Amino acid sequence: MTKKKTEGEDKKAQHLAETTDVSPKQAKDLMREHGKDSPKVEKEAKNFKAEG
């Protein structure tokens, strides 16, 4: 994986973490599981936080 690609994924994970109140690590895990740009990721992150 290239450095630029990793930085982009980190930014997306950080944004997801900030908007859904999950940790950056949890956001990265959810992105790996559900896809990076999918609206499903945001929904899953919100559900994840509600369950936790």
#### Entry: region 1-22 - residue that is in a helix (DSSP H, G or I) and either among the aromatic types (F, W, Y) or more than 10 Å from the chain's Cα centre (by Cα) (or both) and, of those, surrounded by the most Cβ atoms within 10 Å (Cβ to Cβ)
G8
#### Entry: Residue that is surrounded by the most Cβ atoms within 10 Å (Cβ to Cβ), among those in region 23-44 that are among the small types (G, A, S) and modelled with pLDDT of 90 or more
A27
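The values are calculated or read from the model by the stated rules, or taken from the named source; none is laboratory data. Computed from a prediction, not measured in an experiment: that's the story for all the values here. When we count neighbours, we look across all protein chains shown, and the Cβ atoms used for this are built from the backbone with ideal geometry, even at glycine.
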